[in-house]
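Every number in this text was worked out from the coordinates using simple rules, so none of it is lab data. As the structure is a computational prediction, the values presented were derived from the model and not from experiment. Cβ placement follows ideal geometry from the backbone for every residue including glycine, while neighbour counts extend to all protein chains displayed.
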Amino acid sequence: MKDILQRELDGEEIKTSDPDYHKISDIIRETMRLAYQFNQQAPFDENNQNLLNQIFGKDIDETTTILPPFYIDYGKNVTLGKRVWIQQGCTFFDRGGIIIGDDVFIAPKVNLITLNHIRNPYERSTTVAKPIKIGNRVWIGIAATILPGVTIGENAIVAAGAVVTHDVPANAVVAGNPARIIKKIEERE
C-alpha cells in the first residue's frame, strides 16, 4: 500500500480520519513553525536562505527571492526555478505539488492553492490535491489566485485579481474571475 504522502501527490482523496494523517499534519506543523520564524526576519536577512531551505526540504537557488511574510502549509512539494521573485503576503498550499520555472515574477498576495475539498457535505474534511505548474518567464499579478490542477504556459501573464481555474496557454494574458484570455503576447513584445 502506498504511503499517505504519495497517495496525496497522486491525487487520491485523503481523509483526516486516515490512521496515517498524522504524517501530513506533523509536516504542516513543522513547516508553519519554520514559516513563522522566516516571517519574523527582516527581508534579505542572512538567515532567510537557511530557513527557506528547511521549509522546502531542499536547497533553493540563491538567485530566488521570497519576501516575508510568506505563508505555506506543507513546503516539501514546491520546486522553484532560478531567478524567481516572490513578493510579500503570498500563500502556497503545496500538498498537490507546485512547480515554478525560471524567471517567474509573483506579485504580492498571490495564492497558489493545490488542495480542494470534496463536495459531499458529510465528508467535507476529505481533500483532493492536484499540482500547479508555472512555466518560465510567467508574471502573476497582485492578489491573483491559481487553483488546483492549473498549468500556466511560458511567458504568460496573469492579471491582478484573476482567479485561474483552467490551464493558460503560453504567451497568453488572462484576466477576470474566472480568468479568460484577453490577448496574446508576441514572443519578443
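A few points about this structure:
- The aspartates and glutamates whose alpha-carbon is closer than 16 Å to the alpha-carbon of Lys184, local same-chain residues fewer than 8 away aside, are Glu154, Asp167.
- Pairwise Cα separations in region 1-129 fall into 10 Å bins from 0 onward with the following percentages, short to long: 13, 43, 30, 13, 1.
- Estimated FRET transfer efficiency when R0 is 30 angstrom, pair Ile142-Tyr21 (beta carbons, to 0.05): 0.30
- The magnitude of the dipole of region 1-100, with charges of +1 and -1 set on the Cβ of Lys/Arg and Asp/Glu and taken from the Cα centre, is near 100 debye.
- Descending Cα extents along the principal axes, region 1-66, whole Å: 42, 21, 13
- Trypsin sites (Lys or Arg not before Pro) restricted to region 96-134 and DSSP loop, no more than 11 other C-beta within 10 Å: Arg119, Arg124
- The aspartates and glutamates whose alpha-carbon is closer than 20 Å to the alpha-carbon of Lys2, local same-chain residues fewer than 8 away aside, are Asp10, Glu12, Glu13, Asp18, Asp20, Asp26, Asp94.
- Cβ-Cβ FRET estimate between Lys58 and Ile185, R0 fixed at 30 Å, reported to 0.05: 0.40
- Dipole magnitude of the chain, debye to nearest 20 (Cβ charges: Lys/Arg +1, Asp/Glu -1, about Cα centre): 500 debye
- Amide hydrogen proximity for Gly96: with H placed 1.01 Å from N in the peptide plane, the residues at 5 or more positions away or on another chain lying under 5 Å are Thr114, Lys130.
- Structure-based [θ]222 nm, the chain - -39500 (n - 2.57) summed over DSSP H runs of at least 4, per residue, nearest 500: -5500 deg cm²/dmol
- From phi via Karplus (6.51, -1.76, 1.60), per-residue ³J(HN,Hα) for region 121-130 in Hz, x at Gly/Pro: x, 8, 10, 4, 6, 6, 10, 10, 10, 9
- With all pairs of separate Cα atoms included, region 93-172 yields a Kirkwood hydrodynamic radius of 12.7 Å.
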